[in-house]
Structure formats: C-alpha cells, structure tokens
Amino acid sequence: MKKIMAIALTLALTLTAAAACAEATETLTMATNASFPPYEYVEGDQVVGIDPEIAAAVCEKMGYNLEIVDTEFDSLISGVASGKYDFVMAGMTVTDERKQMVSFSDTYATGVQVIIVKEDSPITSVDDLLADGANYTVGTQNATTGYIYAMSDIEDAGKGTVAAFPNGNEAVMALVNGKIDCVIIDNEPAKAYVEANEGLKILDSTYVVEDYAACFAKDNTELVEKFNAALQELTADGTIPAIIEKYIPAE
Ligand code: GLN
C-alpha cells in the first residue's frame, strides 16, 4: 500500500513538473526594427545585436522562449500597446509621450542623438544646423526621437525641411546619394553607418542624450516587474555589461 502511495505521489509530482515545464517554455514575442546596428541588425537570416542578446538572456532567466519580429520602427509602440507583441527592444528612448502609451523597463543603455554629414559638408556643428537662415534638408528615421526633435527645432521653426525614412539605412543612403544634407540618428548606429560608407563623418557636437529601455503594454505590470528583476540580476552578474562590451568595446 505504501509503495502504491509512493508511486502515485511520484507520478503526481512528475505531472506537476511537466506542467510547470510546459508553462516555462511559453514564448514571448519581441518586436524590433533591425536596421539599427549594433543594437539590432540582420546577419544571414537572423536578427542579431545587443537587444536580441539581452532579450535572450532575460527571457532565459524568466523561463520563456524568445521569438523576434522585425518590423517598421513606427509600428512598434502601437503594436506592443495593442498586445500584438509582448515587448519591444529597439534602442527605444524613454520619453514622456511614449509613457502615455506603454510601460518602460529600467534603462539598460544610453543613446546620444548625433549628426552625420558628408566629409565636405558646410554643416560643422549642431549650431550651424539650427542657425537662423539655415535651410538644410535633414534626414531622420520616421517616428524616432531624432525625427521629433528635428520637426520642432528645424521644420516647425522654419529653419529647414525634415525628411522621414522608414529606417536608418535608407536615411544614410539618401545622404550618400546627395538627396539630403545630414542625418540625425543615435550615436552607435551612426558609427556603424559611417564605417560602412565612404565619405561620411559624425559631427563632434552632440544633439540630445537619452536612455534606452524595453517597453510593454501599459497594463502588463507583471511582465515589466519580472523583466526588471531579471535585468537587475544579469547586470549584477556581469552578463549585460559583457553583451554591451562585445558590440561596443570600451575605448
Ligand atoms: N532612440 C531612438 C528612438 O527611440 C531611435 C531608435 C531606433 O531608430 N531604433 O526614437
């Protein structure tokens, strides 16, 4: 009798473990725009970079599988807000406006908006670009903070025109082809694009400094809390610093 009880108990425990296991392998969908190296870019048929690696480490720590969807930057916030994606990591800047629509995790990196020009450009500083009477065509990625700042500081101020591109690569190609005068973009992708294309440089003066974080549907507090706990552990044990250092080696 004792033996049957023991077997029954073992079986019950095994089933519970199996159920827990099935639950543990639930998949979270992360959306990004993989045209933002070294944070996210396509290599072969994979989306790689700092954000996918941090997401994979965090999901593993939380006990989830990770699936990555590559889509337009301007559909990320609405997609995660409506529950189409579980979270977004896309070198996404924390802003008060976005906080009206989504919940952000803790910050895991800093970004700086910089300006890419052709090597022989008459634009030598942010001040040149924002000067009265300046009339440049400024390339940005649609719906990014760079776009938002440029619209208010340049186009709405009557100091030039803002051209919005679906992603950083297309903006940089327009600069290379002489269709626009400069590109406002985050510093790390700027470095990658300048390295990949002849004849471009980044201006020394920085435009705006920002914080990056993952974002979630506004009411998904449970996932934000779990994510932050995992992020904190992975920062403390050196995993996240090592991922960032791998893509952005300290000088
Ligand atoms: N950091 C900028 C923003 O959040 C740009 C991000 C991006 O293009 N992936 O708007």
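A compact table of results
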item	result
Rounded if a/c under 1.5, otherwise prolate or oblate - the range 155-211, Cα gyration tensor axes	oblate
Gap separating the Cα centres of the range 215-251 and the range 51-110, nearest whole Å	11 Å
Val209 - accessible surface, heavy atoms, 1.4 Å probe, Å² rounded to 10	100 Å²
Between helix 221-236 and the chain: long-axis angle, C-alpha atoms, 0 to 90°, nearest 10	80 degrees
Above-threshold pairs, the threshold being 28 Å between Cα atoms, out of Lys61/Lys246; Lys84/Lys246; Lys84/Lys159	Lys84/Lys246; Lys84/Lys159
For the chain, Kirkwood radius (reciprocal of mean inverse C-alpha pair distance, Å)	19.8 Å
Accessible area, probe 1.4 Å, largest first, for residues Met89, Met173	Met173, Met89
Most mobile listed residue (Asp70, Asp51, Asp237) in the chain, GNM with C-alpha springs under 10 Å	Asp237
Residue-by-residue Karplus 3J(HN,Hα) for the range 151-156, coefficients 6.51, -1.76, 1.60, Hz, glycine and proline x	4, 7, 7, 10, 5, 5
For the range 53-61, Karplus couplings with θ = phi - 60° (6.51, -1.76, 1.60), whole Hz, Gly/Pro x	6, 5, 4, 5, 5, 5, 5, 4, 4
Overall form of the range 26-172 per C-alpha gyration tensor (a/c, 1.5; a/b vs b/c)	prolate
The chain: antiparallel DSSP beta bridges as a percent of all, rounded to 5	60 percent
Residues whose placed amide H lies under 5 Å from that of Asn142, excluding near-sequence neighbours	Phe165, Asn167
Candidate aspartates and glutamates - alpha carbon under 18 Å from Lys226, same-chain residues fewer than 8 apart omitted	Glu23, Glu26, Asp51, Glu53, Glu60, Glu67, Asp86, Asp106, Asp237
Electrostatic dipole magnitude of the chain [Cβ: Lys, Arg +1; Asp, Glu -1; Cα centre; debye, to 20]	980 debye
Relative contact order computed over the chain (Cα-Cα under 8 Å; 6+ residues apart), in percent	26 percent
Area accessible to solvent at Met101, 1.4 Å probe radius, in Å²	100 Å²
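The values are calculated or read from the model by the stated rules, or taken from the named source; none is laboratory data. Keep in mind that what you see is a predicted model, and the values were worked out from it rather than measured. Here the Cβ is made from the backbone with ideal geometry for all residues, glycine too, and neighbour counts use every protein chain on show. Note: accessible area is taken over every heavy atom of the protein model, side chains too, but ligands, DNA and RNA are not part of it. Shrake-Rupley method; radii C 1.70, N 1.55, O 1.52, S 1.80 Å.
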